[in-house]
Amino acid sequence: MFEQLRHDPIVVSYRQERAHLTKKKIVETLNIDTDIHTVCVHHFDYIDAVRMMMFYQLQQIGLHVIFYIPFNSNALNVYQTWREIYERVSGSEYSRWECVENSQPRRGAKFARYLGDRFLDQEDPLRHVRFLTFGHPTEFKEYLQKHPIVKNHNEVVAKYEKDLNIYTNCTRNDHFYASRYGQFFLSLQNCRKTNDGIVLTYDDYVNMMTSGWVQSGHVNGTQALTLLIDLRSYMDGVGSFQEIMERLQALVDLQEVSRVFDETAKEQAGSHRLKRYLSNPFRCFPYVHQSRYRISVKQLIECTKDLARKVNRLLLGEREKRNVRVYIKELNDIYVAVSGQWEPSAKQKMEKLFSVSIPADWEFTMEELYQFLTLHLGTEEDEEDDDQDSPQIVNIDQLVGKTLIAHNIHVTGLSLQTFPWKQSEMPHLLTYSWLKECIRRSFVAANRIMRMNALVVDYYSRNVTRNTALYSIYHLLAYGKGQITFSYIKDLYEHDGPSIYFTILQELYGPTEEVAEEQPDEWKWEEETVVQEEISKEPLQAIPDLLWLDSDFCQRKFFFNAFVEHHPIYESDFHQQQAFAIIGKLLAEQGDGEALVRETIFPLFPQWTNAHKQNLLDTTYPSSLRTYKSYQNIYYPKAMKRLQRLGSKYMVTKNWKAKYQYDHDTFRIDEHIKEFLASVQTKEIEARSGQHCRMCPFLHVCKDGEYVIDANDS
């Protein structure tokens, strides 16, 4: 691999340019009018081996390299970072360094004396320091909304700034992989190509289908989102395109069975939703309602075929390699076919990828192709524009420089886990012993000494990390121009607490801690007087006895079922299992009984095993299919009441009125209308919570509903 890398055209070109580097070439590259003789390096508090070798090369081509660093020999503990690193860089003790300016700021003296007893005992005039504690990252977000970051004026720094930027409005939302178009590539990485086909999860299937990369005729995969959400339980357990296609075909058969029921009662029911439900119990399943979706199941099947073809083209086998140019060409062909309705920013990102010059001999594995795509698609937009349009929290390694530029500086995230930060590690698989041995065997004389010293400088730069962190705080205290703020954010990391240095700084500069509590905005408005109009009883009198059964449990459930949906639609898998068992048991009471149900109905619900479906039937008690009730010339089994309430139990001393009158055909609708109207309030319908909420299809949208965890069944 190393030999292959050495002969790579880009690496060869780089090595040749580096070997022939001259002062003249540097002048031309930097577009400088005059010759250069000296390079000045200011405030480098971290010099790894690569940086040190760069300085050596500048020296070899005839440039003087001068390092300017802050240092005070009377406060070695404060300036330990600079001593440890630059005694190795210079090859001499600090006493031999040239001092070009020896003034010492009075500000920050308290913290300096804490770090080192030899620091000059003088008064610390620093006053503009404050300390904040945020109770949660969301409080920090609210704080930044009211105290926005302004470049070079109000700056915020943190060690792990990316973890904090996600809680603020500072992170731009145009990152390609955060968009639906980029989700296609993230999900593609989770797929595997095997001898049996493409292996993927349903989540990855949904992400790719709705990514904008799928098009079949005039139908786009993004139109399938609502259908795919409803199909989550129906698709439970799928792991390949073949299994997904089998489930979708079973769904087509289920819709066909439902359509047969609809056609049988078409003359009596027409387009009346309630009548169609009374004559077709399968309409309690959401995915038989084509009107709920922008795309049909058959169209989804065609889109799935299109997606499968594209994934098969773009996905490589475990050890398969593909020419990068050919791969990007195939990706471009797909892009051209689907990008007509894409957002301009996404188009620009992809077209920039397709304009990249790629060597003809590059052949990558799938993992390498992902890395190539991430390199070009995962990079953020132009940094200069990003800084101007959306200033961000910056890394604390910029604190020393920001101190000399910005007016107000806020150092946040000062916790036990983040400050002082941990020593930076060597690149993976590399150790100092191994590198030293490589240098010893590969180089001689001056070349060996130079590289060995670069390793020594690298080691000390990493080893003084803690001192570097403490010096950066002192530097801020000593040279900060305006307001200095230190803060700690609770619950940002698990098992964390404020850094000991946050507490020490507070003891030195802030007698009391200011807790960042943002007062909520007060909204005042005049409530309009609502006149309660009399509710007409006529629509209520047209509701069949079956739907009034809900009123025994909850008037709000009755209202939702009767007026919003016109009949129950069960979306949860738990409810659908019970609906399947009830319908299956009713159908088993005619013709060839359960044998015919197993042959015709079982295949329509492939998300459950046959054993589970049989158990559902066996544990459901039978009820007479041939006892009917009527509603406007529609006859339906009286046993439909079980589909209406599922497993809701009638409790002793609770309301049984609707059930009793329904069973005995003595329904007095005026009594129920009166009770319902009594539950109608100005802005809502009164709800009654209890165990029956577990069987309610509207539990997730009811603020008064009782979940299992809320129940007191004991």
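The values are calculated or read from the model by the stated rules, or taken from the named source; none is laboratory data. Treat the numbers as computed from the prediction; the structure is a model and nothing was measured. Neighbour counts run over all protein chains shown; Cβ positions are idealised from the backbone, glycine included.
Some values worked out for this structure:
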quantity	calculated
Residues within segment 398-419 that are within 21 Å of F140 (Cα to Cα) and part of a loop (DSSP other than H, G, I, E, B), tallied	9
Which listed residue is part of a loop (DSSP other than H, G, I, E, B) and surrounded by 13 or more Cβ atoms within 10 Å (Cβ to Cβ), from Y46, Y56	Y46
Subset tally (residues that are outside any loop (DSSP other than H, G, I, E, B) and hydroxyl-bearing (S, T, Y)) for segment 59-101	6
Qualifying residue in segment 548-565 (condition: surrounded by 21 or more Cβ atoms within 10 Å (Cβ to Cβ) and touching a Pro at 6+ places or on another chain (Cβ under 7 Å))	yes
Qualifying residues in segment 602-619 (those that are of a type outside the set (A, V, I, L, M, F, W, C) and part of a helix (DSSP H, G or I)) - the one surrounded by the most Cβ atoms within 10 Å (Cβ to Cβ)	K613
Matching option when the condition is more than 21 Å from S424 (Cβ to Cβ) and under 49 Å from the mean Cα position of the chain (by Cα), among Q57, Q80	Q57
Test: residue in segment 211-231 that is farther than 25 Å from R192 by Cβ and part of a loop (DSSP other than H, G, I, E, B)	yes
Residue under evaluation D458, criteria (1) buried (at least 19 other Cβ atoms within 10 Å of the Cβ); (2) farther than 26 Å from K402 by Cα, criterion not met	(2)
Given (1) within 17 Å of I334 (Cβ to Cβ); (2) without any contact (Cβ under 8 Å) to a residue 12 or more places away in the chain; (3) of a type in the set (A, V, I, L, M), number of the condition V260 does not satisfy	(1)
From G239, G217, G221, residue being crowded, with 19+ Cβ neighbours inside 10 Å and small (G, A, S)	G221
Qualifying residue in segment 126-139 (condition: among the acidic types (D, E), surrounded by 16 or more Cβ atoms within 10 Å (Cβ to Cβ), more than 18 Å from R466 (Cβ to Cβ) and modelled with pLDDT of 85 or more)	yes
Checklist (1) in contact with a Lys or Arg (Cβ under 7 Å, 6 or more places away or on another chain); (2) loosely packed, with under 10 Cβ neighbours inside 10 Å applied to I61, failing item	(2)
Residue that is part of a helix (DSSP H, G or I), surrounded by fewer than 18 Cβ atoms within 10 Å (Cβ to Cβ), out of contact with any His (no Cβ under 7 Å at 6 or more places or on another chain) and among the basic types (K, R), where the choices are R276, R319, R309, R294	R309
Residue that is farthest from N453 (Cα to Cα) [pool: residues in segment 38-57 that are among the aliphatic types (A, V, I, L, M) and out of contact with any Asp or Glu (no Cβ under 6 Å at 6 or more places or on another chain)]	V39
Number of positions in segment 14-43 that are closer than 18 Å to H64 by Cα, in a loop (DSSP other than H, G, I, E, B) and polar (S, T, N, Q)	2
From the options Y488, Y471, residue that is crowded, with 22+ Cβ neighbours inside 10 Å and either without any contact (Cβ under 8 Å) to a residue 12 or more places away in the chain or in contact with an Asp or Glu (Cβ under 8 Å, 6 or more places away or on another chain) (or both)	Y471
Subset of segment 27-47 (residues that are touching a residue at least 24 places away in the same chain (Cβ under 8 Å) and farther than 30 Å from N463 by Cα)	I36, H37
Among (1) surrounded by 12 or more Cβ atoms within 10 Å (Cβ to Cβ); (2) closer than 30 Å to K266 by Cβ; (3) touching a residue at least 12 places away in the same chain (Cβ under 8 Å) - the single one T627 does not satisfy	(1)
Residue check for D230: at pLDDT 95 or above and among the charged types (D, E, K, R)	no
Elements of type helices (runs of 4 or more DSSP H) in segment 538-596, at least 3 residues being under 21 Å from R292 (Cα atoms), touching a residue at least 12 places away in the same chain (Cβ under 8 Å) and out of contact with any strand residue (DSSP E or B) (no Cβ under 9 Å at 6 or more places or on another chain)	573-587
Test for F667: is it within 15 Å of F560 (Cβ to Cβ) and surrounded by 14 or more Cβ atoms within 10 Å (Cβ to Cβ)	no
Subset of segment 279-315 (residues that are hydrophobic (A, V, I, L, M, F, W, C) and farther than 30 Å from P544 by Cα)	I295, V297, L300, I301, C303, L307, A308, V311, L314, L315
Segment 242-265: number of residues that are surrounded by fewer than 17 Cβ atoms within 10 Å (Cβ to Cβ), of a type in the set (A, V, I, L, M, F, W, C) and under 32 Å from the mean Cα position of the chain (by Cα)	1
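Conditions (1) touching a Pro at 6+ places or on another chain (Cβ under 9 Å); (2) among the acidic types (D, E); (3) more than 15 Å from S279 (Cα to Cα); (4) in the same structural domain as Q249 (by TED's automatic domain parsing), marked per residue:
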residue	(1), (2), (3), (4)
I583	yes, no, no, no
E589	yes, yes, yes, no
D592	no, yes, yes, no
T609	no, no, yes, no
Q614	no, no, yes, no
P622	no, no, yes, no
L625	yes, no, no, no
Y635	no, no, no, no
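Quick grid of which residues meet (1) assigned to a helix (DSSP H, G or I); (2) within 27 Å of the chain's Cα centre (by Cα); (3) of a type in the set (V, I, T); (4) surrounded by 13 or more Cβ atoms within 10 Å (Cβ to Cβ):
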residue: L331; (1), (2), (3), (4): yes, yes, no, yes
residue: I334; (1), (2), (3), (4): yes, yes, yes, yes
residue: S339; (1), (2), (3), (4): yes, yes, no, yes
residue: E367; (1), (2), (3), (4): yes, yes, no, no
